[in-house]
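Enquirer: Quick one: this structure, given as structure tokens, is what I'll be asking you about.
The values are calculated or read from the model by the stated rules, or taken from the named source; none is laboratory data. A quick note: this is a predicted structure, and the numbers were derived from the prediction, not measured. Cβ placement follows ideal geometry from the backbone for every residue including glycine, while neighbour counts extend to all protein chains displayed.
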Amino acid sequence: MNKRVGIIVYDEVEVLDFCGPFEVFSTTRLDEVRRKEEPSPFEPLLIAQSDRPVVTAGGMKVLPHFTFDACPSLDILVVPGGWGSRREMKNEAMLSFIVSRSTRVDTLASVCTGALILGSAGLLDGLHATTHWGALGLMRELFPNVTVDEDSHVVEQGKVITSAGISAGIDMALHVVARYCGPDVARSTARHMEYPYPESNVRRVSLQ
């Protein structure tokens, strides 16, 4: 099995939003005993509108693997969040790319306010979805056809998965690993990362 994962990056993207899933997908192994000899069954790639360095929230500079125009076929598409998501919600090139790829991937996922981009693309209408706790009200205001979930850390609706803020992208990616490779592989991946496997799907941060 080899699944190609496209993770979109853009200026002011939140670092852990994309690096967390990247780490999960790159460190997954089907056979933990052969970790050093065998590659991950996932191939994570950073995708951006242009090939120039992306300047993330906090100032990290990142070089994407592919542009939208040159992006190869994908099995999984991940849309992270960050302050830049407010701009990207109105970026027609971004929305067009996501919409066009949404029909050709097995799994479409978001982290944090990446869900606002999916909502702007019309891809959450009629679904339950979540986002960073600080943007739940905005999601409800902007997308009346979306049922906003305030209680779940990760929300799965068929091929569409949304997750809560920032670090929740790790949990979302582990859900995806479990979906494709089974829970044992997902647990081994979390253990290798010294990350607690998400036994519960309750949102970890209180909204109060």
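Enquirer: Which pairs do you get when a residue that is free of Cβ contacts under 8 Å to residues at least 40 places away in the same chain, found in the range 84-104, comes within reach of a residue that is hydroxyl-bearing (Ser, Thr, Tyr) and assigned to a helix (DSSP H, G or I), reach meaning Cβ atoms under 8 angstrom, with the pair 6+ apart or on two chains?
Expert: 89/120; 90/120; 95/120
Enquirer: Mind checking which residues of the range 95-106 are surrounded by 18 or more Cβ atoms within 10 Å (Cβ to Cβ) and either among the acidic types (Asp, Glu) or within 15 Å of the chain's Cα centre (by Cα) (or both)?
Expert: Within the range 95-106, 98, 101, 105 meet the criteria.
Enquirer: Going through the range 38-57 one residue at a time, which ones are under 26 Å from residue 28 (Cβ atoms) and either among the aromatic types (Phe, Trp, Tyr) or surrounded by fewer than 16 Cβ atoms within 10 Å (Cβ to Cβ) (or both)?
Expert: If the condition is that a residue be under 26 Å from residue 28 (Cβ atoms) and either among the aromatic types (Phe, Trp, Tyr) or surrounded by fewer than 16 Cβ atoms within 10 Å (Cβ to Cβ) (or both), then 38, 39, 42 are the ones that fit.
Enquirer: Please go through the range 67-98 and pick out each residue that is assigned to a strand (DSSP E or B), in contact with a Gly (Cβ under 8 Å, 6 or more places away or on another chain) and either more than 20 Å from residue 159 (Cα to Cα) or at pLDDT below 95 (or both).
Expert: Listed by number, the list is empty, since nothing qualifies.
Enquirer: While we're here: Scanning the range 107-131 for residues that are under 15 Å from the mean Cα position of the chain (by Cα) and small (Gly, Ala, Ser), which turns out farthest from residue 176 (Cα to Cα)?
Expert: It comes out as 119.
Enquirer: Right, another one. Could you give every pair whose Cβ atoms fall below 6 Å, whose first residue belongs to the range 119-141 and is within 19 Å of residue 87 (Cβ to Cβ), and whose second residue is modelled with pLDDT of 95 or more and not aliphatic (A, V, I, L, M), counting only separations of at least 6 or pairs across chains?
Expert: Listed by first residue and then by second, the contacts come to 119/143; 123/102; 131/113; 132/112; 132/113; 132/165; 135/113; 139/131.
Enquirer: Just a yes or no: is a residue in the range 144-161 surrounded by fewer than 17 Cβ atoms within 10 Å (Cβ to Cβ), without any contact (Cβ under 8 Å) to a residue 40 or more places away in the chain, closer than 23 Å to residue 49 by Cα and of a type in the set (Ser, Thr, Tyr)?
Expert: No, there is no match, as no residue in the range 144-161 is surrounded by fewer than 17 Cβ atoms within 10 Å (Cβ to Cβ), without any contact (Cβ under 8 Å) to a residue 40 or more places away in the chain, closer than 23 Å to residue 49 by Cα and of a type in the set (Ser, Thr, Tyr).
Enquirer: Okay, moving on. Could you tell me whether residue 43 is in a strand (DSSP E or B) and either touching a residue at least 12 places away in the same chain (Cβ under 8 Å) or of a type in the set (Gly, Ala, Ser) (or both)?
Expert: Considered against the rule, which asks whether it is in a strand (DSSP E or B) and either touching a residue at least 12 places away in the same chain (Cβ under 8 Å) or of a type in the set (Gly, Ala, Ser) (or both), residue 43 comes out as yes.
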